[in-house]
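First the structure, in the form of structure tokens, and then the observations on it.
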Amino acid sequence: MQGYIININNVKDEDLIVTILSSDMLYTTYRFYGARHSNINIGYKIDFELEYNMKSTIPRLKDVLQLGFPWILDNDKMYHWQRYLKLFYSHLKDVEELDIFYINLLDSLVRTMNKQNHKRAIIESYIMLCEYEGRLNDTYECLLCDGIIQADISLVRGFIPTHASCSYTRGFSKLKVNELFKDKTLISFEDDEVTHLWHVLMQGL
Ligand SMILES: [Zn+2]
């Protein structure tokens, strides 16, 4: 099987609980410490096997092989990628079965990040996730006052629209936000605006 590591917890000694997003499941697995294990980290895509045991409710993770990305040695890209993938853990941790959409989304983002600015690529990919999960609010009702937003839109956690004057945060023209929501592109956003949206994204999926 293949999947992305979205969380790692240390347990006793050097053993680890590793959460893996695969094509159809979110797996919680147990990895015993051993010197011959390959190195693993959040964000890595791995090929792996699971071993089920009557004594444990958690399958053992084995035969792990790291699958590289062209940009895996790019520290800046890897840093942002890992922070994004970590958010999937809190977002999906109560889910077991997954739609193939999630791994396809991440596979496609790995390819896009090869040629495009990584923060832009991640945010655009996140908008596709919101749309898929049916929580892209493109009717532009303000979360805080329920009024329709006519001018500047401020996006708060989950990229939910608010009046800039209601949330007291940075506003963007409705035209630009509409382009982002409809066409999934940040092309009209300046770099500092993208950085602002990055911080909104880091509050949680
Ligand atoms: Zn409002």
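The values are calculated or read from the model by the stated rules, or taken from the named source; none is laboratory data. Since the model is a prediction, treat every value here as computed from it, not as a measurement. Here the Cβ is made from the backbone with ideal geometry for all residues, glycine too, and neighbour counts use every protein chain on show. What goes into the accessible areas is simple: the full protein's heavy atoms, side chains included, and nothing from ligands, DNA or RNA. Shrake-Rupley method; radii C 1.70, N 1.55, O 1.52, S 1.80 Å.
Can you tell me which residue is least open to solvent (accessible area, probe 1.4 Å) among those in the stretch 93-139 that are under 25 Å from residue 193 (Cα atoms) and among the aromatic types (Phe, Trp, Tyr)? Within the stretch 93-139, the match that is least open to solvent (accessible area, probe 1.4 Å) is 126.
Residue check: residue 79 meets all listed conditions (1) without any contact (Cβ under 8 Å) to a residue 12 or more places away in the chain; (2) part of a strand (DSSP E or B); (3) among the aromatic types (Phe, Trp, Tyr) but one, namely (2).
Within the stretch 4-25, restricting attention to residues that are outside any strand (DSSP E or B) and of a type outside the set (Lys, Arg), the residue that is least open to solvent (accessible area, probe 1.4 Å) is 15.
Kindly indicate whether residue 174 is among the basic types (Lys, Arg) and within 16 Å of the ligand (Cβ to nearest atom). Please lay out each step first, then the result.
On the way: among the basic types (Lys, Arg): yes; within 16 Å of the ligand (Cβ to nearest atom): yes.
The answer is yes for residue 174.
Residues in the stretch 57-92 that are open to solvent by 60 Å² or more (accessible area, probe 1.4 Å) and hydrophobic (A, V, I, L, M, F, W, C): 65, 73. Within the stretch 141-160, restricting attention to residues that are in contact with a Lys or Arg (Cβ under 9 Å, 6 or more places away or on another chain) and β-branched (Val, Ile, Thr), the residue that is nearest to the ligand (Cβ to nearest atom) is 149.
Under 7 Å between Cβ atoms, at least 6 apart or on separate chains: pull out the pairs that start in the stretch 125-150 with a residue that is assigned to a loop (DSSP other than H, G, I, E, B) and of a type outside the set (A, V, I, L, M, F, W, C) and end on any residue that is open to solvent by less than 20 Å² (accessible area, probe 1.4 Å) and within 13 Å of the ligand (Cβ to nearest atom). Listed pairs, sorted by first residue: 137/161; 140/149; 140/153; 140/161. Residue 120 meets the conditions (1) within 16 Å of the ligand (Cβ to nearest atom); (2) touching a Leu at 6+ places or on another chain (Cβ under 6 Å) in every case but one. The failed one is (1). Across the stretch 178-186, not a single residue is classified as over 23 Å from residue 106 (Cα atoms), free of Cβ contacts under 8 Å to residues at least 40 places away in the same chain and not small (Gly, Ala, Ser). If only residues of the stretch 162-171 that are near the ligand (Cβ under 9 Å from one of its atoms) and of a type outside the set (A, V, I, L, M, F, W, C) are counted, the one that is surrounded by the fewest Cβ atoms within 10 Å (Cβ to Cβ) is 165.
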